[in-house]
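The values are calculated or read from the model by the stated rules, or taken from the named source; none is laboratory data. Please read all numbers here as calculations on a predicted model, not as lab measurements. Here Cβ is always computed from backbone atoms with ideal geometry, including for glycine, and neighbour counts include all displayed protein chains.
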Amino acid sequence: MEADAKDNAYFSVDSKGLLAFTEQGIAEYRSYFGKAGIDIRTIKSVEGFRKARQAASPFFDDHLAAKVKKGEKTLERRLLIAIAESNEDEIKRLERLLDAQDKGIKLV
């Protein structure tokens, strides 16, 4: 998501530059920013949003892993989780399974 966007699914910015998160934005960013000790209610501008994202960036992999863990556990989703968790052995294993599946080898 580009922080320079004036309006999107996560927030809107009024003519005075005041940023307001949507319900979807609050759901998406509250816990992510919270891991960095930032209360989402204190973010009032695009610049504040940029600073919050920068401060929370060390927690991005955990945030991404939590997001992709939701839903059906397909091979592709399991691969995304392994990538987000930097689990090299699991990445290689799942890539081999996906390659076999793409070649028409039935997995049981």
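Could you say which residue among R77, R93 is surrounded by fewer than 16 Cβ atoms within 10 Å (Cβ to Cβ), modelled with pLDDT of 90 or more and either part of a helix (DSSP H, G or I) or more than 14 Å from the chain's Cα centre (by Cα) (or both)? Quick ask: steps written out before the conclusion?
Details: R77 fails: modelled with pLDDT of 90 or more.
Going through R77, R93 in turn, just one is surrounded by fewer than 16 Cβ atoms within 10 Å (Cβ to Cβ), modelled with pLDDT of 90 or more and either part of a helix (DSSP H, G or I) or more than 14 Å from the chain's Cα centre (by Cα) (or both): R93.
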Any residue at all in the range 53-76 that's among the polar types (S, T, N, Q) and within 25 Å of N8 (Cα to Cα)?
yes
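On the given criteria, is K44 part of a loop (DSSP other than H, G, I, E, B) and in contact (Cβ under 8 Å) with a residue 24 or more places away in the chain? Steps first, answer last, please.
Working: part of a loop (DSSP other than H, G, I, E, B): yes; in contact (Cβ under 8 Å) with a residue 24 or more places away in the chain: yes.
Judged against the criteria, K44 is a match.
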Subset of the range 56-74 [within 30 Å of I40 (Cβ to Cβ) and over 15 Å from the mean Cα position of the chain (by Cα)]
E72, K73
In this structure, does A55 turn out to be in a helix (DSSP H, G or I), touching a residue at least 12 places away in the same chain (Cβ under 8 Å), outside the structural domain of L97 (by TED's automatic domain parsing) and aliphatic (A, V, I, L, M)?
yes
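From T22, T42, grab the single residue that is surrounded by 14 or more Cβ atoms within 10 Å (Cβ to Cβ) and not assigned by TED's automatic domain parsing to the domain that holds L98.
On the way: T42 fails: surrounded by 14 or more Cβ atoms within 10 Å (Cβ to Cβ).
That would be T22, the only listed residue that is surrounded by 14 or more Cβ atoms within 10 Å (Cβ to Cβ) and not assigned by TED's automatic domain parsing to the domain that holds L98.
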